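*Asks:* Here's a structure for you.
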Ligand code: G16
């Protein structure tokens, strides 16, 4: 074991979900070591305890895992579990942490961001409940990165990550585990596999696009081997270090091929995709895309059809920018609806306290109290379970839902890689005029309230301020502006636009058309074009 002197880096502040940077930034001497040591230095009493390590298999994953193993040993962990090949999807890692009562885990991923020598990498610390570290921990980690002067590491040979089994590193037990087995077993406990299997055997067809990312082996095991979907139902199933050169982002831009298939005459009954680390999901029925916000509402309304949720939901939580479709489901079910800031870490306390069962975000994330991360394949399996029990198409379920609850037309407009100064000044100027907006109108829409979202955690009493600017209009429409906390270059301005339509006769309008006046108002209120120099968003989801 040796102690190595180092000097701080100024840019190691964790964002919405851990530290995400370009690979060359992580490759600077001591950069990874500084951050991991800062994580360990911010934790207490872990000597002899278990640490879990897994990643999404992207470029630089293996190198960082070897460093992390040697540092964990030098810092006094007693046992370390690592997925074979360095692989663990984010929800599977959460499950391994919980099942083994580990002290915590390091998850190496930059999620849906591209991978490769000049693309993105990330490190995130999860606590013992299996969920992302809360803000007070990430703030302590950041504070430590600013003063760190040394790190501890064992000088031992690399561990063979490809061989399942047990080895010792500097007095610490290292177990290389099957990344899929425990997770697949958990899914089988939650859902009615027999009903899904019978539906598939009866001719129901599905396509799952793993986008050359981490979910390939999980989806093949669960959908093809255990549920009997024909070989080839899972596409792009080999995890690649650069995701085949694509963004492993399951949205209508990056999963275009799947979308086009689902809109064609050859469409299977059900299409889905997941992202780089397996926590996001995209759901498309034959001829119909289900927005993540709608998916949350529809899953919550039908969850009782799956064995794990048969006794009902304790509550529902959604991030603030997520559409309010789930709110009306909570109302009907007679359970509480919690509105949290963006970031899965904010759901952890509510789940631990047993206040909610299902959570979701507009950013293609849905999950439940089975783990403490959002879970892409879980969402796919809950949809399949519901389809098997209801015996209806995705389209029929969606249209029936809108008829009963009304429809929230919804879109997110992203302006990526905007100059940071321009993005910050747009938000600052908006903030400054918030008090004067109520009662004014834009493009014929009257503003009722305007504020900057602040969250008071009902469990631990902590407050998180400045979490996004909300402009509410008469009739229930809404525009939200916030800056992304996951980008790695410049700033990304996110504008979330929503209009509620209770009238079923008006539920078949194209989303762009339904939101046209709000989109124009979003620009007028914030001066997006003038301040960013962009005349249209980079991505619309
Ligand atoms: C992460 C977080 C999510 C968040 C998303 C987008 O997801 O876990 O909670 O909604 O980023 O965040 P932002 O709008 O700040 O970019 P993932 O899948 O990237 O880990």
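Every number here is computed from the coordinates shown, using simple stated rules; none is lab data. The structure presented is a predicted model; accordingly, all values stated were derived computationally and were not measured. Glycine also receives a Cβ, built like all others from the backbone with ideal geometry; neighbour counts cover every protein chain displayed.
*Asks:* Using the beta-carbon distance between residue 431 and residue 4 and R0 = 41 Å, what value does 1/(1 + (r/R0)^6) give for FRET efficiency, to the nearest 0.05?
*Replies:* The pair residue 431/residue 4 has a calculated efficiency of 0.40.
*Asks:* Just rank 469, 479, fewest to most, by other beta-carbon atoms within 10 angstrom. Display every interim value, and only then the final one.
*Replies:* Details: 469 22, 479 26.
Listing 469, 479 from fewest to most nearby Cβ atoms yields 469, 479.
*Asks:* Sticking with this structure for a sec: Could you state the number of Å between the C-alpha centres of the range 85-100 and the range 309-339?
*Replies:* One Cα centre to the other: 27 Å.
*Asks:* Continuing with the same structure: So, by mean Cβ neighbours within 10 angstrom, what's the order for 424-433, 388-397 with the highest one leading?
*Replies:* Output ranking for 424-433, 388-397: 388-397, 424-433.
*Asks:* Here's a follow-up. Could you grab the relative contact order for the chain? Cα pairs under 8 Å, six or more apart, rounded to a whole percent.
*Replies:* This gives 13 percent for the chain.
*Asks:* Let me ask you something else. If you average the alpha carbon positions of the range 140-169 and of the range 501-541, how far apart do those two centres end up, in angstrom?
*Replies:* Computed from Cα coordinates, the inter-centre distance equals 47 Å.
*Asks:* Please order 359, 154 by the number of other Cβ within 10 Å, starting at the fewest.
*Replies:* Ascending number of Cβ neighbours within 10 Å: 154, 359.
*Asks:* Then there is this: Once the Cβ-Cβ distance between residue 339 and residue 448 is put in as r, and R0 is 22 Å, what FRET efficiency do you end up with, to the nearest 0.05? Kindly include the intermediate steps, with their values, before the conclusion.
*Replies:* On the way: r = 17 Å, r/R0 = 0.78.
That gives a FRET efficiency of 0.80.
*Asks:* If I take every Cα pair under 8 Å that is 6 or more residues apart in the range 240-306, average their sequence separation and divide by the length, what percent do I get for the relative contact order? Could you put the intermediate results ahead of the total?
*Replies:* Details: 69 pairs, mean separation 16.4, N = 67.
The normalised contact order for the range 240-306 reaches 24 percent.
*Asks:* Return the distance in nm (one decimal) between the two label points of a simple spin-label model at residue 459 and residue 504, each offset 7 Å from Cα along Cα→Cβ.
*Replies:* The modelled label-to-label distance comes out at 3.9 nm.
*Asks:* Using the number of other C-beta atoms within 10 angstrom as an exposure proxy, rank 448, 138 with the fewest first.
*Replies:* The fewest-first ordering by Cβ neighbours comes to 448, 138.
*Asks:* Sticking with the crude label model, points 7 Å out along Cα→Cβ, report the distance from residue 194 to residue 166 in nm, one decimal please.
*Replies:* With each label point 7 Å from Cα toward Cβ, the separation is 3.7 nm.
*Asks:* Next up: Between the range 1-51 and the range 432-495, what's the alpha-carbon centroid distance in Å?
*Replies:* 33 Å
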